[in-house]
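Read the structure below first, then the notes.
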Amino acid sequence: MDIEKIKARIQKFSDDRNWESFHNPKNLVMALNGEVGELNEIFQWLNFEESQNLPEDVLAHTKEEVADIAIYLIRICMKLNIDLEDAILNKMTKNEAKYPAETSQGGSKKYSKSREDK
C-alpha cells in the first residue's frame, strides 16, 4: 500500500470540493464512527458461518465500508500529524507486552483477567 499516494488522493478530493473547513478531527471522528456503524449493520444479524461466507454483493458493500473507514482514519492521521505505520507498530509492541503469547494462548479474556487466571 502506498500511503503517500492515498493521502495525496484524499487531500485532492477534499481540496477539489473545498471541504477542508469541515475536516477537523472532531468531525472526522464522528464520520468515522458513522462508517463503522454501517459496517456493523452488515454483520449485525449474521451468525458465525454467515459472517465468514458473505455473498458477493454483500462482500462488495463490505469492501466499500472498509474503504470509507480507512479513508476517514487516514484523514484523521493527516490532520493530527500521526504517522499511521509508526502508531500501529508502537501499539503492536505494547500489545505484545500486554498479551504475552505464553499467557494469552487461545484465550479471549481481557489482559488483566488472563494474568489472574494463570
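Each value in this text was obtained by applying a stated rule to the coordinates, not by laboratory testing. These figures come from a predicted structure and were not determined experimentally. Note that we place each Cβ from the backbone using ideal geometry, even for glycine, and neighbour counts take in every protein chain shown.
Could you list, ordered by first residue, the pairs with Cβ atoms under 8 Å in which the first is in region 74-96 and over 21 Å from SER14 (Cβ atoms) and the second is of a type in the set (A, V, I, L, M), at least 6 apart or interchain?
The qualifying pairs are GLU85/ILE3.
Take the residues in region 55-73 that are buried (at least 17 other Cβ atoms within 10 Å of the Cβ) and free of Cβ contacts under 8 Å to residues at least 40 places away in the same chain, then tell me which one is farthest from VAL29 (Cα to Cα).
Only one residue tops the list, namely GLU65.
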